[in-house]
Each structure stands twice: as structure tokens, then as C-alpha cells.
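Trainee: Here you go, one structure.
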Amino acid sequence: MILSLGIETSCDECSASFVSYDGASLKVLGLATYTQLEEHRPYGGVVPEIASRNHLEQLPIVLEEACRQAGLSFSDADVISVTNRPGLVGALLVGLSSAKALAYTLNRPLVPVHHLEGHLVSPWLDAGKELLSTEFPAIVLLASGGHTQLHCVSGQPMQWGKNIIEDSFLGCSRDDAAGEAFDKSAKLMGLPYPGGIELDRRARMGNFKSFVLPRPMMHSKTHEFSFSGLKTAVSLKVTELKQLGQLEQRLSDLAASVEAAIVDVLISKLEFAVQEKNAKSVIIVGGVSANTLLRQRASTELSVPLVLPKLRYCTDNAAMIAAVGALRHAKGESIKDYFAINAYSQAIA
Ligand code: KG4
Ligand code: ZN
């Protein structure tokens, strides 16, 4: 049994978690996350300097809380796992420096984790046995605030190589990410920050057929996405509705229409990739996998079975980071000489 202590500080979630791995399943023993909503709300988006300073304050608190929930202490950890890319470099460095300090004082190895690989592993957190019978190859949609990518994986996470993100990569968005399209549309509509969740909530009360919005690249036979045109269309609609004095009363209809446009594109691209790769299942991860309509439609409209993370593991959390670290440690790939490990803003070096 491996016990991994994970740290995630790549953006605005400060999170720590204890995860166990017994060679078959990944169990979350403790997970504490501080979300910096109030700190960034006045600015309508994440301010990197504020994020770093807040991580410094919150990380010791969430670490203690993760230990308390797990009934474990730092010294029970076999390995320290920490996100070192991609993300805000200042924010990443707070987590990475703390992880190095912990590893050094405890005399444990460290695993630097690619944040997107954490998302890829997230459906296996606290999963039932059914996930072990998932059929491969599987098409993975990784849709978060900063990334929208398609991957094709050929086996269980335990079999993935070190460069799984690059090796399985099929394609990504040419411009905005899907989460960004949710967030920016919500902001244009005047919905409270953070936009994605709020737009989801409003969409439940609206009619998705109310407004005709573009679905860029929906039928292009590629693995690429484009969401920036949708943002422009939403901006024009908002201006028109404001001029008519109807924005408030049509807000839910517009939210539902925006959501339907984004989800249509995601489902269509997934099905294209499934057919092209003759895939046996689909996995959707990243913050956008929490979206109500996407979860509903992907489970009924795709031609192959769907795998989703539990809702609490869709958005950024340290459990998925601890999980990657546990898997690496099990393969003998944790690092003892970790002082030179750095943090990087980019997904690919
Ligand atoms: O994976 P994540 O927590 O952070 C990044 O790595 O970026 O994803 C955050 C993104 C944000 O854009 C947020 O608006 C979106 O996920 N999101 C949602 C929902 N919950 C989170 N988008 C649509 N519907 C939701 N329910
Ligand atoms: Zn993320």
C-alpha cells in the first residue's frame, strides 16, 4: 500500500490530499481545498500575484486538514506529489517549494505532476470495480478553464507512460478553451464570478432553442476546436438585448443557448474521434466535466460507454495529483534528487 501526499496550487485552488494506492484502486483518504473565490471576485478573474500570496497563507491549513481527515500525519506519506506544470508560475512555486521542504524534512521522494495528467486520472479516484473493466482505446476529452484537448489512451492509468499527455494527444482548441467560453460568456452576460457554474445554473431555467449561436468547427474532420467566435456572437446578442431592455428577462434562455452550443461541439468532436479511432469508450475530465448538460447528453448520445469523474473530482483538487504520484512511485519513478525540479507555465516543455 502506497500513501501519497499531494499538493495542487497551479491556479486559484489551494489543495492538499492523502491518497492510497493498493496496486488496484486509488482511495481518497483526505482532501482539503481552499478556493480563492472571494479574493479574485472583485477583479472578475484570477490575479496571479494575489493567487500566489494566498497559497502561501492557505497551504499549511489545507495540509493539516487533509491529514486530519485521513487520520494520518505527514510522516505517514511514502511520497510527496506536487503539480509543477502547467499553471501560474508564482502559484506553482509555492506548492513546489513546500513539497520540496516536506520531502526533505521527511526524507521521502517527490513526484512532479503534470496538472492535466491529474485530470486524466481523476475518474479513477474512489472508483468502483466497473472502471477496471473499461474498454480501450478510450477517447478522452479534457475540458478545463485553460485547456480543451482530445486524447486517445490505450489502457488503465497504471499502464500509462511518463509522457502520457504528449503521447496520447490528438488535438486541442485553436483559441479559447471550453471553460473559458463558459466563463467569458457568463461575464459578458453579467452573471456573477465564477461564470461556468453560474451559467450552468441559469441554463437549467432556460430554453436552449431561444437563440441561434455559432458552433465553430463542429463538423470539421479534425481534432481541433475553436470557441472565440462564439464569444463574439454572445457579445453581440448581449448588446442587442441590452438595447431592447430585455437582457434580464432573457438571461436564462441565453445561458441555455450558449451551453447548448458548447456542448453540441464537444459531443460532435467526441463522436468523430470515437469513430475515427474505433474507440470503445469515452472519458470526460476537467472542470467542464461538471457541466450538467454535458454529463447528461454524453451519457445518452455517444455510441460508446461514458466514464466521468465524481463531481468533487472534476474541478482542480490535490487528490488527482496525489494519485499520479502514487502510480509513479509504484513504478519506481519517484525522484530522490528533486532540488533542481522547476515550475513551468506551459503544458509542454
Ligand atoms: O479544471 P478546472 O477546475 O481548472 C483548470 O484547470 O482550468 O476547470 C475550471 C473550468 C472553469 O472555466 C469553470 O467555469 C468550468 O471549469 N466549470 C464549468 C462548470 N464547473 C466548472 N463549466 C460549465 N459548467 C459547470 N458546471
Ligand atoms: Zn485543472
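Just so it is clear, none of the values below were taken in a lab; they were calculated from the coordinates. Just so you know, these numbers come straight off a predicted model, no measurement behind them. Here Cβ is always computed from backbone atoms with ideal geometry, including for glycine, and neighbour counts include all displayed protein chains.
Trainee: Do the sum for the chain: with -39,500 (n - 2.57) for every DSSP H run of n ≥ 4, divided by all residues, what is the mean residue ellipticity at 222 nm, to the nearest 500 deg cm²/dmol?
Mentor: After summing the helix terms and dividing by the residues of the chain, the value is -13500 deg cm²/dmol.
Trainee: Using 0.36 nm times the number of residues separating T232 and N107, minus their current alpha carbon distance, what extension gain do you get?
Mentor: 39.7 nm
Trainee: Using a Förster distance of 41 Å, how high is the FRET efficiency between S220 and A24, based on the Cβ-Cβ distance and rounded to 0.05?
Mentor: 0.55
Trainee: Report the far tail of the P(r) of the range 41-161, meaning the percent of Cα-Cα pairs longer than 25 Å.
Mentor: Of all Cα-Cα pairs in the range 41-161, 39 percent lie more than 25 Å apart.
Trainee: Which of the peptides 115-126, 64-75, 313-324 is most tightly packed, and how do the rest follow, going by the mean number of other Cβ atoms within 10 Å of each residue?
Mentor: Result, highest mean Cβ count within 10 Å first: 313-324, 115-126, 64-75.
Trainee: Using alpha carbon centroids, what distance separates the range 163-235 and the range 114-147, in Å?
Mentor: So the separation of the two Cα centres works out to 21 Å.
Trainee: Please compute the contact order of the range 1-102 in relative form: average sequence separation of alpha-carbon pairs under 8 Å and at least six residues apart, divided by the residue count, as a percent.
Mentor: About 37 percent, as a whole number.
Trainee: If each of S303 and Y43 carries a label point 7 Å out from its Cα toward its Cβ, how far apart are those two points in nm?
Mentor: 4.7
Trainee: Then there's this: Any chance you could give the angle, 0 to 90 degrees and rounded to 10, that helix 178-188 forms with the longest Cα principal axis of the chain?
Mentor: Roughly 50 degrees between the two axes.
Trainee: How much length is gained on full extension from R174 to A340, taking 0.36 nm per residue of separation minus their Cα-Cα distance?
Mentor: 56.5 nm
Trainee: If all Cα-Cα distances of the chain are sorted into 10 Å bins from 0 onward, what percent lands in each bin, rounded to whole numbers?
Mentor: Here the calculated profile for the chain is 6, 26, 32, 24, 10, 2, 0.
Trainee: Collect residues whose amide H, placed 1.01 Å from N in the peptide plane, falls under 5 Å from the amide H of C314; neighbours closer than 5 in sequence don't count.
Mentor: Under 5 Å from the amide H of C314: no residue qualifies.
Trainee: Could you please state, rounded to a whole Å, how far the C-alpha centre of the range 45-77 is from the C-alpha centre of the range 283-349?
Mentor: 19
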